[in-house]
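These notes are about the structure you will find just below.
Laboratory data are not the source of any read-out in this text; all were calculated from the coordinates shown. If you're wondering where the values come from, they're calculated on a predicted model, not measured in any experiment. Here the Cβ positions follow ideal geometry from the backbone for every residue, glycine too, while neighbour counts run over all protein chains shown.
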Amino acid sequence: MPKVPKKWVRMKSMAATATTGFPIPASAPAVSIARPATNRRRHITPQAGRALEILGHAIEYLTDEFVHEGGSLSARHPQLEAVQLLMALNRQIYFSCPEAPTLSERLRAFLRFHPA
């Protein structure tokens with residue numbers, strides 16, 4: 001069997017995994033109103049990356065199950081509320097990671113420390 005990259009492998013079942021360092025509030029907002037003004041890359045720590053990976057798999061699993069069950073799109077559907085909760089947690093973790101400096105910011109910082 002040829003080796004398949006990890007991102008292409010589909011999970012057959014979900015397993016519960018604890019992620020330390022990222023508390024899950026009892027009632028996280030389902031939809032975040034405030035969005036950052038910039039669309040910049042972020043420095044994602046290995047811990048945050050693992051949490052994002054786990055949340056991504058859980059979101060994908062729940063949405064796939066919902067579609068295969070033929071669920072109806074209603075605002076109060078428990079499975080959709082769970083997906084919205086996981087998506088809010090995903091955004092919370094992602095936006096807690098520091099923004100990476102742009103190329104121009106790195107260049108300015110480099111030139112400040114190395115005068116010509």
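Values as computed for the structure displayed
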read-out: Positions within segment 69-93 being part of a helix (DSSP H, G or I) and either in contact with a strand residue (DSSP E or B) (Cβ under 7 Å, 6 or more places away or on another chain) or without any contact (Cβ under 8 Å) to a residue 24 or more places away in the chain (or both), in sequence order; value: 69, 78, 79, 80, 82
read-out: Tabulated pairs, segment 94-105, first in a strand (DSSP E or B), second of a type in the set (Val, Ile, Thr), C-beta under 8 angstrom, 6+ apart or interchain; value: 99/38
read-out: Test: residue in segment 96-103 that is surrounded by 15 or more Cβ atoms within 10 Å (Cβ to Cβ) and touching a Lys or Arg at 6+ places or on another chain (Cβ under 8 Å); value: yes
read-out: Subset of segment 52-68 (residues that are of a type in the set (Val, Ile, Thr) and either closer than 23 Å to residue 94 by Cβ or part of a loop (DSSP other than H, G, I, E, B) (or both)); value: 54, 59, 63
read-out: Residues of segment 39-51 that turn out to be farther than 15 Å from residue 98 by Cα and in a loop (DSSP other than H, G, I, E, B), as a count; value: 0
